[in-house]
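Working notes, structure below.
The values are calculated or read from the model by the stated rules, or taken from the named source; none is laboratory data. All values reported here derive from a predicted model rather than from experimental measurement. Methodologically, a virtual Cβ is constructed for each residue, glycine included, from the backbone with ideal geometry; neighbour enumeration extends over all protein chains shown.
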Amino acid sequence: MQFHHAGRLAEAEQLYRRVLAAEPRHADSLHRLGVIAYQAGQPASAVELIRKAIAQRAAAAPYHLHLGLALAALGQMDEAVAASRVALKLDPGQPDIHNNLGVLLMQQGQWEEAAQCYRQAIALAPHLPNAHGNLGIVLRSMAKPVEAIACLMRSLEIHPAQPEVLSNLALAHLAQGDRRRALDAALRGLALEETPQSRRLFVQCVKDLRFAGEAGMLRPWLLRALQEGWDRPGDLARVSADVIKHGGSVMDDALLHMLLCLTPNLDIELEKTLTESRRDLLRDAMSNGDLSVPDFHAALAQQCFINEYVFSHTQDEITQATQLRSRLSAALETGTPIPPAWLVAVASYFPLHSIPSASRLLDQSWLSAVEAVLTQQIREPEVERRLRAEIPLLTDITDAGSRNVQTQYEENPYPRWVRAGTAEAEDLADYLRQNFPHAQIASVGPGVDILIAGCGTGRNAIETTQRFAGARTLAIDLSLSSLAHAMRKSRELGLDIEYAQADLLALDTFERRFDMIESVGVLHHLADPLAGWRMLLSLLRPGGVMLLGFYSEVARKSLPRMAGGTADDIRRERQRLLETSDQRDALAASADFFTTSTCRDLLFHVQEHHLTLAAIDEFLRAQDLALLGFSAEDDVLAAYRKRFADDPAATNLAYWQAFEADNPDIFAGMYQFWVQKRS
């Protein structure tokens, strides 16, 4: 036992086996060998050994306790809970048994009973940090952030070095809308242990923070988060802009350079700086062909391609840019050496792949920063051009409205993105139980068949496929341009996602059925959004779930609707709104305002409808669908539950209608919610 307690497992195992060689039914040695097997990641062997021990000494509570842990590691949760209950019956005064049973019950989504177990453990051992921490975790899952914070803080008082407790404390503060305290807890947790989850939590905490003054302490964290891909880079755009604006020269700012290469800038003041820098670059390139190309200018060219050249320009400026493009094109035809400054300046106004013979640029040797521009603007578009021929046509596209929408997204694939978010694969049912603890969620079995209806450029399809274990994903869209971008990105990540061109209105003869269907920001662009919803429902298996997103009539009421839709229209009207509109701040709060394709989607869409919560409620009742809940920010849900304490599940749409009437911006993006088709 001394070897075992000292962590010298190999030596302890040898001694236990010697005992068993002399006495094969020695219960304690069988039990301890089972514990070693569990610690070594061999739960099946652990279960076999511990059951042999129990056969010899059935009244030993620790045997049943450790059997429960091993069974849980095998995923046999009901058997694990049963074993833990036997242990508790044999030794009800042991706090660890109460705590471990609570952990198992929490994994099953049995929050109330889990909380009772933790409270009993605390009553028996008031200074047991795990019990306080676990109680805080389960209370947070039960949407009780104030009580959760008190328990988590008590756990940290007893034992400060608990990364998981700090992460849950950060989440509880987020649920209260206190992002600065959340960030403090998240940073303390990161300092103790960096995991994919703790890195994503950092992004979650900072993404909506704003800093009017110095926030330099965040700079190294933000730079790492962007470089290492902790989550969607766009979630870091606004806070990074705040840090950048209080830094030094844009020429030497590594954070700015990284941001420009990964995601659209979302800050108006910084956009003005970038627009002026582009104008200076063009002027200098026109007058001095030997101008060196700093990393900033190459990053600026990448930014302009990412935002689809949404920055404003004067007529003289675009005339000069056109002249420089003509010079570059002529040099390509004659084989004349091309100054790097020409290439980067032109790439800041026009996509390089639009220039005749642009592929000849790839035959030359360039600095790495310029090579990155060539990859973005020539190599990757060529890959997408070839991929278009590989995408199958699943249905004809004959509906007039669908064809209009298709044309828009062929011209402006939505959205243009560089890097998707991150996720660890988890069971779909477990994900839903965690996010909607008051709902009754049935398991969908091994693997899950998913349809992404209206996948656009594939970011959601990729993130959903990565998030759910065993996902078999079909992603469809009207636009070949969007699908080609999605397919390229999926292949770069090594993901096996099936893509096809289809009109969801024409899926009535489609025979495949799905466990989950996702259609966010799609159905409201149909002539009849509810007809599209009914079509998708026909493809959903009984017990299956849907993630949906619709524009809110309340939230979109004040948005201007613009005529036109060409790049020039969008650039001109967008600049007018920035200069003269009293809606400037409201528009700038939307990330969709900062690229050509997303701004077209926001203000110039060819077909758009808005829904009300009353209409959604009526549809749910008519189709006998269960509302699982909204995908909303934690602080929004906390405010709702504070006002409507009798609806802890937050699924009463009449209440939500009243809440939205008083808070018309809470669904400024769209209503996003999960529903389940009854079995």
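Take Gly102 and decide whether it is within 36 Å of the chain's Cα centre (by Cα) and crowded, with 24+ Cβ neighbours inside 10 Å.
Yes.
With respect to Arg574, is the statement that it is charged (D, E, K, R), buried (at least 19 other Cβ atoms within 10 Å of the Cβ) and either touching a helix residue (DSSP H, G or I) at 6+ places or on another chain (Cβ under 9 Å) or over 22 Å from Thr275 (Cβ atoms) (or both) true?
yes
Would you be able to tell me the number of residues in region 499-523 that are surrounded by 17 or more Cβ atoms within 10 Å (Cβ to Cβ) and either over 24 Å from Asp592 (Cα atoms) or β-branched (Val, Ile, Thr) (or both)?
14
Can you pull out the residues in region 535-568 that are among the charged types (D, E, K, R) and surrounded by fewer than 15 Cβ atoms within 10 Å (Cβ to Cβ)?
Lys557, Arg561, Asp568
Suppose we filter Pro339, Pro356, Pro351, Pro413 for residues that are closer than 22 Å to Glu498 by Cα and not charged (D, E, K, R); which single one remains?
The match here is Pro413.
Please pick out the residue among Ser277, Ser292 that is outside any helix (DSSP H, G or I), under 29 Å from Gln323 (Cα atoms) and not assigned by TED's automatic domain parsing to the domain that holds Val418.
So the residue among Ser277, Ser292 that is outside any helix (DSSP H, G or I), under 29 Å from Gln323 (Cα atoms) and not assigned by TED's automatic domain parsing to the domain that holds Val418 is Ser292.
Looking at Arg386, Arg360, which is the one that is under 35 Å from the mean Cα position of the chain (by Cα) and assigned to a helix (DSSP H, G or I)?
Within the list Arg386, Arg360, the selection yields Arg386.
Considering only region 34-46, how many residues are modelled with pLDDT of 85 or more and crowded, with 24+ Cβ neighbours inside 10 Å?
Of the residues in region 34-46, 1 are modelled with pLDDT of 85 or more and crowded, with 24+ Cβ neighbours inside 10 Å.
In this structure, does Leu620 turn out to be assigned to a helix (DSSP H, G or I), within 27 Å of the chain's Cα centre (by Cα) and modelled with pLDDT of 95 or more?
Working: assigned to a helix (DSSP H, G or I): yes; within 27 Å of the chain's Cα centre (by Cα): yes; modelled with pLDDT of 95 or more: yes.
Against the criterion (assigned to a helix (DSSP H, G or I), within 27 Å of the chain's Cα centre (by Cα) and modelled with pLDDT of 95 or more), Leu620 qualifies.
Given the criterion closer than 30 Å to Lys642 by Cα, among the β-branched types (Val, Ile, Thr), within 19 Å of the chain's Cα centre (by Cα) and not in a loop (DSSP other than H, G, I, E, B), identify the matching residue among Val165, Val203.
Going through Val165, Val203 in turn, just one is closer than 30 Å to Lys642 by Cα, among the β-branched types (Val, Ile, Thr), within 19 Å of the chain's Cα centre (by Cα) and not in a loop (DSSP other than H, G, I, E, B): Val203.
Restricting to region 295-318, what's the tally of residues that are acidic (Asp, Glu), assigned to a helix (DSSP H, G or I) and modelled with pLDDT of 95 or more?
Going through region 295-318 one residue at a time, the tally reaches 2.
Condition check: of a type outside the set (S, T, N, Q), in contact with an Asp or Glu (Cβ under 8 Å, 6 or more places away or on another chain), more than 30 Å from Thr314 (Cβ to Cβ) and buried (at least 19 other Cβ atoms within 10 Å of the Cβ). Does Leu603 satisfy that?
For Leu603, the condition - of a type outside the set (S, T, N, Q), in contact with an Asp or Glu (Cβ under 8 Å, 6 or more places away or on another chain), more than 30 Å from Thr314 (Cβ to Cβ) and buried (at least 19 other Cβ atoms within 10 Å of the Cβ) - is not met.
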